[in-house]
Amino acid sequence: MSPVTQAEEQYPKKTVSLVVPFAPGGSTDILGRMIAQHYFKDSGVTTIVENTPGAGGNIGAAKVARSKPDGYTLEIGAMSTHAMNGSLYTSLAFDPMKEFVPVAMLAQAINVIAVKPSFPAQNFDELIKHVRANPGKVNYSSGGIGTHNHLTLALLEEKAGLEMVHVPYKGGGPAVTALLQGEVDMFAGGASLLLRHAEAGNVRLIAVTEATPSDLVPGVPSASEVASDFVVTNWYGVFGPKGMDPALVETINAEINRIVALPEVAQRLKGMGMIPLPIKPGELAKMLQQDYDLWSKTITSLNIANN
């Protein structure tokens, strides 16, 4: 019997815990519950979602890092928890890159740059020119220092040689509200946060930060068409503790890829501003390393690490 066949026959035999390192209700939690609903359904084994929030996802991630590498405790993680947190938090009791095995990609969240309706720039090229001509006069909101919203536009400043004012808020919701109320000029975040406001004419979507445009935001070009070296992605994945049997990782990867391809799951993802991205563990590991290299340099240059 081949190792893969053996892994497929033996797993799962008992309850599987999907650790969500954030509070209930957010994107990571919703993804975890979608996976739990379908996870090896024919096996008759229960899959539970275990919310373990705190410290930017580090408490839940640490719990998974310390668990047995048997596939029964997995993390529903985000790009930020692994590619960013190792540089953002200097006193972690674990290494988010070295103590985990990338198992599967759940979805890519389309990331957009939005401006208030009165902002003079009508496209990304005009935005760059306007900010460059008005150093220190254009501001942007974020969900807090070191968040994906913050780092996206901080990276744009660095890549395009811009000078803007960062206005941090306590969460993505208040940061979007600040844009809607005209308190700030700009915000970068998930399309799911901004689409309905754009459709109502309360914000204007300038660009997506991925390398190519997305059908989820038709007519919105990629920022990379103007700034070729500015590409930012945001994604969610499944991680296990290091030491997992490669055959078991492949088995779980195939099951996650099956689930995200289900029509009802794909439709739900679309409503969340996300697209399924079924890839192999090795491809996910490569993406993670690229993002880690990008953000570790950015976070170091910004000098925003937390103790």
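The values are calculated or read from the model by the stated rules, or taken from the named source; none is laboratory data. Since the model is a prediction, treat every value here as computed from it, not as a measurement. Methodologically, a virtual Cβ is constructed for each residue, glycine included, from the backbone with ideal geometry; neighbour enumeration extends over all protein chains shown. Just the protein is used for accessible areas: all its heavy atoms, side chains included, with ligands, DNA and RNA removed. Shrake-Rupley method; radii C 1.70, N 1.55, O 1.52, S 1.80 Å.
For this structure, a couple of remarks:
- Eigen-decomposition of the gyration tensor built on the alpha-carbon atoms of the range 96-155 gives equivalent ellipsoid semi-axes of 32, 14, 10 angstrom, largest listed first.
- Semi-axes of the equivalent ellipsoid for the range 94-223, Cα gyration tensor, largest first, Å: 24, 18, 15
- Helices of the chain meeting both criteria, an alpha-carbon length of 20 angstrom or more along the long axis and an average Kyte-Doolittle score not below 1.6, with helices taken as full DSSP H segments, do not occur.
- Percent RCO, i.e. relative contact order, over the range 153-307, from Cα pairs under 8 Å lying at least 6 residues apart: 17
- Bridge type composition, the chain - antiparallel percent by DSSP, nearest 5: 60
- Förster radius 35 Å - calculated FRET efficiency between A247 and K41 (Cβ-Cβ, nearest 0.05): 0.95
- By accessible area, using a 1.4 Å probe on protein heavy atoms only, the chain has 51% of its surface on carbon and sulfur.
- Cα-based convex hull volume of the range 155-307 per residue, rounded to whole Å³: 152
- For the range 213-289, applying the loop criterion from DSSP together with a ceiling of 13 other beta carbons within 10 Å to the trypsin sites (Lys or Arg not before Pro) yields K242.
- Across all Cα atoms of the chain, the radius of gyration (one decimal) and Dmax (whole number) stand at 19.8, 68 Å.
- Relative contact order [Cα under 8 Å, 6+ residues apart], the chain, whole percent: 27
- Directionally averaged shadow of the range 217-271, computed from the convex hull of its alpha-carbon atoms, nm²: 6.2
- Centroid-to-centroid, using Cα positions, the range 80-97 and the range 226-293 are 19 Å apart.
- The value of relative contact order for the range 238-307, using C-alpha pairs under 8 Å at least six residues apart, is 25 percent.
- Trypsin sites (Lys or Arg not before Pro) within the range 129-172, DSSP loop, no more than 16 other Cβ atoms inside 10 Å: K137, K170
- Based on protein heavy atoms only, the chain ends up with 43 Å² per residue of surface accessible to a 1.4 Å probe.
- Each Lys or Arg adds one and each Asp or Glu subtracts one; over the other residues with Cβ under 14 Å from the Cβ of A114, this totals 0.
- Amide H contacts of V20 (H built 1.01 Å from N, under 5 Å, at least 5 apart or other chain): E50, N51, T52, I76
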